[in-house]
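The values are calculated or read from the model by the stated rules, or taken from the named source; none is laboratory data. What you are looking at is a predicted structure, and each value in this text was computed from that prediction instead of being measured. Don't worry about glycine lacking a Cβ; one is built from the backbone with ideal geometry, like all the others, and counts go over all protein chains shown. Accessible surface areas use protein heavy atoms only, side chains included; no ligands, DNA or RNA. Shrake-Rupley method; radii C 1.70, N 1.55, O 1.52, S 1.80 Å.
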Amino acid sequence: MNPRRVLEIIGAVELATLVLMLGNVVTVHQPEVSRVLGPVHGVAYPATVIAAVLVLGGRCRGWLLALVPGIGGLLAARAASPPSPRREDQACP
């Protein structure tokens, strides 16, 4: 499987769990839903950051985008596309 696709999937799981948890809190607030989705989101968020670091190598812009809660994984996956010939991201110092 393409590493960028893996990052997209993990990012989508992170976003979905965050939206479902917030929707649960705003509407019915079922503790069982929070007990299940909380740990899933808790694993998905750092997994997104780790996957972004691995997929994007030393490109700062990409893995820094992954630090944005909720949509960071999807933004990092988008940044994982091949760099244009005119401009390349610099490696982190």
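Annotation: average projected area of the stretch 1-42 is 2.9 square nanometres, based on the convex hull of Cα atoms across all directions. Candidate membrane-span-like segments in the chain, meaning DSSP H helices with Cα atoms spread over at least 27 Å of their own axis and a Kyte-Doolittle mean of -0.5 or above, are 3-26, 31-56, with no membrane implied. Going by a ≥ b ≥ c, the root eigenvalues of the Cα gyration tensor, does the chain fall in the rounded group (a/c under 1.5), the prolate group (a/b larger than b/c) or the oblate group? Prolate, since a/c reaches 1.5 and a/b exceeds b/c.
Extension gain, Val26 to Arg5: 0.36 nm times the residue separation minus the Cα-Cα distance gives 4.4 nm.
Zone of Val19 (label point 7 Å along Cα→Cβ, backbone N under 15 Å): which residues in the stretch 50-82? Answer for the stretch 50-82: 70-75.
Return the carbon/sulfur percentage of the accessible area of the stretch 1-58, one whole number, probe 1.4 Å, all protein chains in place. Write down the numbers at each step before the final one.
Numbers: 2630 of 3510 Å².
Reported share for carbon and sulfur atoms: 75 percent.
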